Ligand SMILES: Nc1ncnc2c1ncn2[C@@H]1O[C@H](COP(=O)(O)OP(=O)(O)O)[C@@H](O)[C@H]1O
Ligand SMILES: [Mg+2]
């Protein structure tokens with residue numbers, strides 16, 4: 001190890017049932033540096049951290065910590081802590097009903113000669129820790145009386161007092177306001193000065209540029225690369241997180257798009273929002289128009305689409321469908337208004353494994369008609385045959401149980417379900433994920449065909465190219481907020497720039 005290196009992780013591999021969460025990942029930390037660990041939701045950041053802190057047992061790979069002979073395998077968080085690795089999670093893991101001082105010394109309270117807790121000494125020591133870090137709090141106050149930001153700082157103070165060499169902050173800023181974030185940064189810089197190596201996970205890109213020295217990027221459980229901050233401006237960071245090589249972003253420019261502004265409005269939303277996930281946004285979708293939703297995984301694409309569909313409670317705003325003001329209280333209302341939603345999480349929300357392909361196809365239509373007006377079997381068979389043929393669903397027969405089909409074919413069955421309701425407005429959330437290229441292209445063609453027939457669609461995909469081929473408008477999301485709408489000059493580069501957002505690091 002070069003003498004600045006305090007910690008290395010090499011070839012870390014870890015599998016959850018069905019998911020390779022980490023595949024041969026490396027991480028190197030040096031003394032007194034702040035390392036941003038970046039990646040879209042599900043990239044493996046938290047998993048990697050939990051391998052380091054002894055919560056996850058990894059299958060392959062090694063961890064080396066400066067000053068400790070041989071490879072380290074942490075069997076517990078305490079073990080990790082004893083080696084100088086401390087973690088502060090988003091949810092502070094301290095005791096709310098104890099005082100600040102007690103929290104700082106849980107498990108290591110100063111004792112009197114008689115073996116009882118020496119409150120006086122504890123209070124004085126706590127005061128010193130707090131003063132040293134410039135935190136403004138009364139150490140006798142109960143932790144629960146402190147703001148979340150303060151609680152986080154106290155958690156950090158505790159970690160630091162344990163003489164940590166490595167401090168891990170996994171999304172500590174998610175619920176802090178700007179002022180609190182700034183205070184946290186001051187604290188982080190102080191620790192850096194003291195030589196602590198910090199791993200910082202955040203989904204706010206600007207925070208990376210405010211405090212970090214280097215960036216490690218993960219994608220789908222794999223290491224994309226490690227970069228000095230000045231070599232990875234925002235757009236390139238976004239490109240790396242999304243798995244694109246920014247320099248090669250062939251300007252896939254789509255053909256001139258039709259102008260839809262004169263076509264009748266099908267969806268007209270004003271100030272739509274969902275408490276806790278989506279900030280108010282306006283949206284207009286015209287007849288025959290395909291609108292794409294783009295943004296990093298976790299930016300709120302699915303949630304925004306669900307707001308339009310009225311899928312969740314606690315929504316606000318005004319929605320007009322085909323000019324009529326509507327109130328949607330349940331999915332069935334949306335369906336009756338001619339809306340359809342192909343959800344992102346098919347396993348949980350879409351597929352009913354023990355029903356046949358036919359039954360899965362007619363499900364939404366049947367629900368729309370009402371359970372007492374059973375579709376005649378002849379009609380069910382006709383629909384099933386029609387969609388199996390149209391979408392080229394590979395199944396032994398229409399009576400085969402859907403769980404026996406491959407993922408791509410299950411996907412087509414669910415798509416058929418919504419097409420069978422003959423929607424005027426259809427939301428397709430990641431309709432092509434996990435399916436083969438051939439089928440992807442078919443689905444893209446189908447989207448264009450449906451639009452050609454005058455249907456309006458929302459198309460969500462992690463593959464920007466796919467949306468560029470099908471959409472005439474792209475809505476860009478960042479942290480649950482609509483931040484842009486692109487109708488002209490639709491190119492990957494443009495979209496990626498909007499996702500990355502402005503600021504001085506372009
Ligand atoms: N306890 C778990 N059980 C099963 N799968 C998990 C578990 N924790 C994480 N995963 C999966 O591992 C992958 C990486 O997740 P995670 O490390 O939480 O990502 P990140 O922190 O980058 O958002 C994801 O596919 C996630 O679904
Ligand atoms: Mg995480």
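The values are calculated or read from the model by the stated rules, or taken from the named source; none is laboratory data. Because the structure is predicted, anything quoted here is derived from the model rather than measured. Here Cβ is always computed from backbone atoms with ideal geometry, including for glycine, and neighbour counts include all displayed protein chains.
Among the residues of the range 360-371, those identified as within 14 Å of residue 421 (Cα to Cα) and either assigned to a loop (DSSP other than H, G, I, E, B) or touching a helix residue (DSSP H, G or I) at 6+ places or on another chain (Cβ under 8 Å) (or both) are 360, 361, 362, 363, 364, 365, 367, 368, 370.
Apart from one condition, residue 332 fits all of (1) surrounded by 15 or more Cβ atoms within 10 Å (Cβ to Cβ); (2) touching a residue at least 12 places away in the same chain (Cβ under 8 Å); (3) touching a helix residue (DSSP H, G or I) at 6+ places or on another chain (Cβ under 9 Å); the exception is (1).
Is it fair to say residue 29 is surrounded by 14 or more Cβ atoms within 10 Å (Cβ to Cβ), within 30 Å of residue 499 (Cβ to Cβ) and within 16 Å of ligand 2 (Cβ to nearest atom)? So residue 29 fails the test. If you go through the range 108-133 and keep only what is assigned to a helix (DSSP H, G or I) and closer than 15 Å to residue 156 by Cα, you end up with 126, 127, 128, 129, 130, 131, 132. Taking the range 42-66 as the search range and keeping residues that are on the phi > 0 side of the Ramachandran plot and within 13 Å of ligand 2 (Cβ to nearest atom), which one is surrounded by the fewest Cβ atoms within 10 Å (Cβ to Cβ)? Going through the qualifying residues, I end up with 42. Would you say residue 163 is farther than 18 Å from residue 195 by Cα, in the same structural domain as residue 51 (by TED's automatic domain parsing) and either in contact (Cβ under 8 Å) with a residue 12 or more places away in the chain or assigned to a loop (DSSP other than H, G, I, E, B) (or both)? No; evaluated as a whole, the condition is false for this residue. You will find that of 93, 97, the residue that is closer than 14 Å to residue 55 by Cβ and surrounded by fewer than 13 Cβ atoms within 10 Å (Cβ to Cβ) is 93 and no other. If the condition is being in a helix (DSSP H, G or I) and in contact with a helix residue (DSSP H, G or I) (Cβ under 8 Å, 6 or more places away or on another chain), then the range 344-358 contributes 346, 357, 358. When you check residue 120 against the structure, is it assigned by TED's automatic domain parsing to the domain that holds residue 98 and in contact with a helix residue (DSSP H, G or I) (Cβ under 9 Å, 6 or more places away or on another chain), yes or no? When the stated conditions are applied, residue 120 does not pass them. Cβ separations smaller than 7 Å between residues 6+ apart or across chains give the following pairs from the range 168-180 residues that are within 28 Å of residue 30 (Cβ to Cβ) and without any contact (Cβ under 8 Å) to a residue 40 or more places away in the chain to residues that are within 13 Å of ligand 1 (Cβ to nearest atom) and assigned to a loop (DSSP other than H, G, I, E, B): 173/202. The set of residues from the range 311-327 being within 18 Å of residue 265 (Cα to Cα), without any contact (Cβ under 8 Å) to a residue 60 or more places away in the chain and crowded, with 20+ Cβ neighbours inside 10 Å comprises just one member, 319. For residue 140, the requirement of being touching a helix residue (DSSP H, G or I) at 6+ places or on another chain (Cβ under 8 Å), farther than 28 Å from residue 3 by Cβ and within 16 Å of ligand 1 (Cβ to nearest atom) is not met. The selection criterion, being modelled with pLDDT under 95 and farther than 12 Å from residue 166 by Cβ, does not hold for residue 66.
Condition check for residue 138 on (1) surrounded by fewer than 16 Cβ atoms within 10 Å (Cβ to Cβ); (2) modelled with pLDDT of 90 or more; (3) not in a loop (DSSP other than H, G, I, E, B): one failure, at (3). Taking the stated definitions as given, is residue 117 away from ligand 2 (no atom under 16 Å from the Cβ) and at pLDDT 85 or above? Considered against the rule, which asks whether it is away from ligand 2 (no atom under 16 Å from the Cβ) and at pLDDT 85 or above, residue 117 comes out as yes. Taking the conditions exactly as written (surrounded by 20 or more Cβ atoms within 10 Å (Cβ to Cβ) and under 18 Å from residue 200 (Cβ atoms)), does residue 21 satisfy them or not? Criteria not met by residue 21.
Of the strands (runs of 3 or more DSSP E) lying entirely inside the range 267-343, the ones with 1 or more residues being under 20 Å from residue 467 (Cβ atoms) are found at 278-286, 290-294, 339-342. The residue that is nearest to residue 217 (Cα to Cα), among those in the range 25-44 that are assigned to a strand (DSSP E or B) and more than 12 Å from ligand 1 (Cβ to nearest atom), is 36. Restricting the range 350-369 to residues that are at pLDDT below 85 and out of contact with any strand residue (DSSP E or B) (no Cβ under 9 Å at 6 or more places or on another chain), the residue that is surrounded by the fewest Cβ atoms within 10 Å (Cβ to Cβ) is 352.
A single member of 47, 87 is assigned to a helix (DSSP H, G or I) and either assigned by TED's automatic domain parsing to the domain that holds residue 13 or within 11 Å of ligand 1 (Cβ to nearest atom) (or both), and it is 47. Annotation: of all residues in the range 15-24 being assigned to a strand (DSSP E or B) and within 20 Å of the chain's Cα centre (by Cα), the one that is farthest from ligand 1 (Cβ to nearest atom) is 23.
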